[in-house]
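Okay, structure first, notes after.
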Amino acid sequence: MTPGYLIEELKRRGVRVTPQRAIILEAIEEMPGHITAEDVFTAVQRVNRYINLATVYRTLDLLRGLDLIIETDMGASAVQFALRSHAAHHHAVCRQCGRSFEFPDELLAPVIDELATHYRFTADARHVVIFGWCDSCGETERG
Ligand SMILES: [Zn+2]
Ligand SMILES: [Zn+2]
């Protein structure tokens, strides 16, 4: 990904990129993996302290509407976002202790294929979170 690609992408789609919005977009690009609106807000405050949280939320909404970021419920208190470019994996999260690990797309591919061929259903499974119990917490869960 070349720096500034989010800005370029928005301009290409005819969206007006204000200076404040440009700062937010650059901050999002620089953050790897999962981010929250608060993370973005903290980062942009270092550049321009007049940017408020509402503007950050509006920009994230815009990016989600354009399908450039995906919203992921990881079971944490805040909704997390990830850039589309981040999406070639999935997550398993323990309900008990919150520990999580990533697993590759190949693991889910047979299920997605079967849903498509057998059920004629297109799964939106580009970034899936599966909740459950890890090895140590599963012990207590199973009794
Ligand atoms: Zn992820
Ligand atoms: Zn656990």
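The values are calculated or read from the model by the stated rules, or taken from the named source; none is laboratory data. Remember, predicted model here, so these are calculated numbers, not experimental data. Because the Cβ atoms are built from the backbone with ideal geometry, glycine has one as well, and the counts that use them run over all protein chains shown.
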Turns out the helices (runs of 4 or more DSSP H) fully within the stretch 1-87 with at least 3 residues that are within 30 Å of PHE101 (Cα to Cα) are 19-30, 37-47, 53-65
Could you list, in sequence order, all residues of the stretch 102-122 that are more than 16 Å from ligand 1 (Cβ to nearest atom) and under 23 Å from GLY33 (Cβ atoms)? ALA109, ILE112
Can you pull out every residue in the stretch 17-33 that is crowded, with 18+ Cβ neighbours inside 10 Å and within 16 Å of ligand 1 (Cβ to nearest atom)? ILE28
Just one of the numbered conditions (1) more than 24 Å from MET31 (Cβ to Cβ); (2) touching a residue at least 24 places away in the same chain (Cβ under 8 Å) is not true of PRO110; which one? (2)
Mind counting the residues in the stretch 63-85 that are surrounded by fewer than 17 Cβ atoms within 10 Å (Cβ to Cβ) and away from ligand 2 (no atom under 16 Å from the Cβ)? 11
Which one is farthest from ligand 2 (Cβ to nearest atom) among residues in the stretch 90-106 that are part of a strand (DSSP E or B) and touching a residue at least 40 places away in the same chain (Cβ under 8 Å)? HIS90
Looking across the stretch 75-90 at residues that are closer than 17 Å to ASP39 by Cβ and at pLDDT 75 or above, the single one that is farthest from ligand 1 (Cβ to nearest atom) is VAL79
